[in-house]
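Quick note: the coordinates plus some simple rules give every number you see, no bench work behind them. A quick note: this is a predicted structure, and the numbers were derived from the prediction, not measured. Methodologically, a virtual Cβ is constructed for each residue, glycine included, from the backbone with ideal geometry; neighbour enumeration extends over all protein chains shown.
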Amino acid sequence: MKEMSDSKQLRRQNGMFAGVCGGLGDFFGISPNWFRLAFLLMMLPGGIPGILIYLLLWVIMPKA
């Protein structure tokens, strides 16, 4: 049987604000700065898409 610690889990990390980008970066194995840039770009058209997705992930993702 495979243990839970062997598999990657999507969890918030200690980060700049809520740890969402840090958790995404750790899960996908890339720099959290790319996710920060993506959220920033999603906030440009009016802010709602980026903020809603970020808040949704903040609520859904468990804290590490």
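Tabulated data
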| quantity | calculated |
| --- | --- |
| Label-to-label distance, nm, for residues given as Leu55 and Lys8 (7 Å Cα→Cβ offset) | 2.9 nm |
| Translational diffusion coefficient (Stokes-Einstein; Kirkwood radius from C-alpha pairs) of the stretch 12-60 at 4 °C, 1.567 mPa s, in µm²/s | 121 µm²/s |
| Distant-in-sequence amide H partners of Ala64 (H built 1.01 Å from N, under 5 Å) | Arg12 |
| Helix-only CD estimate at 222 nm, as mean residue ellipticity for the chain, using -39500 (n - 2.57) per DSSP H run (n ≥ 4) | -16000 deg cm²/dmol |
| Normalised contact order of the stretch 12-60, rounded percent, pairs of Cα under 8 Å and 6 or more residues apart | 26 percent |
